[in-house]
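Participant: Handing you this structure, nothing more for now.
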Amino acid sequence: MQSDAHETGAKHASGNQPCGSSNESWNAEAQDNNIVPLTRDQAEQLFGLEVSRPSRVTPFKVVAAQIVLSLGATLLWWLFYKPPGDAALSAFLGGAICWVPSALFAARLKAKSGTETIMSWMIGEALKMRATIAMFVAIAYWYKSALWLPLLVTYIVALKTYWVAMALR
């Protein structure tokens, strides 16, 4: 029985390909050419009528929500932390670390409207990450009395706005 399996495998194997495969299954270009996009009717049947509706969430609405959450968190730190000054300022800066780069990215998207490419989005995200890192470093360097707990908590709260925006889409 072992020799039968070996002979069968030897008949189907060619070169470095696994047993039972053919040249067509390894040709990625041929597979890519077989992709047919869905029509609007097919997409609506698959995903429901909501698929054609434009999103209510825009990048500027996300930035506005981040600002509101940052200000709300700043107020909470000011009300419940003693002494309130450094905690509130640290919380505000933590929120700003989130929404300032997001606002820059949203403005860049608006300026590049109609010419979006994957590379344009990647460059925008790279600029956003650099701005975020630069703001963290600047605060650590120049604001020596920063309280890191309020700063980081507010940053994370503002950062989670993206998840809420995706849920509201």
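Participant: Can you pull the one-decimal nm distance between simple spin-label points at Arg40 and Val164, each 7 Å off the Cα toward Cβ?
Facilitator: 3.4 nm
Participant: Applying a 10 Å radius around every beta-carbon, put 56-65, 36-45, 152-161 in order of their mean neighbour count, most first. Can you show the working numbers first?
Facilitator: Details: 56-65: 16.1, 36-45: 10.2, 152-161: 19.8.
In descending order of packing, they fall as 152-161, 56-65, 36-45.
Participant: Across segment 70-86, in residue order, what do the Karplus-derived ³J(HN,Hα) couplings come to in whole Hz, using 6.51 cos²θ - 1.76 cosθ + 1.60 with θ = phi - 60° and x for Gly and Pro?
Facilitator: Karplus values, whole Hz, x for Gly and Pro: 4, 5, x, 5, 4, 4, 5, 5, 5, 6, 10, 10, 10, x, x, x, 5.
Participant: Would you tally the net charge around Leu159, using a Cβ to Cβ cut-off of less than 15 Å, leaving Leu159 out, and scoring K and R as +1, D and E as -1? If you can, show how the numbers build up before the last one.
Facilitator: On the way: positive: Lys128, Lys160; negative: Glu125.
Computed value for this residue: +1.
Read the figures in this text as sums done on the coordinates, not as results from a lab. Just so you know, these numbers come straight off a predicted model, no measurement behind them. Heads up, the Cβs are rebuilt from the backbone with ideal geometry, glycines too, and the neighbour counts pull from every protein chain shown.
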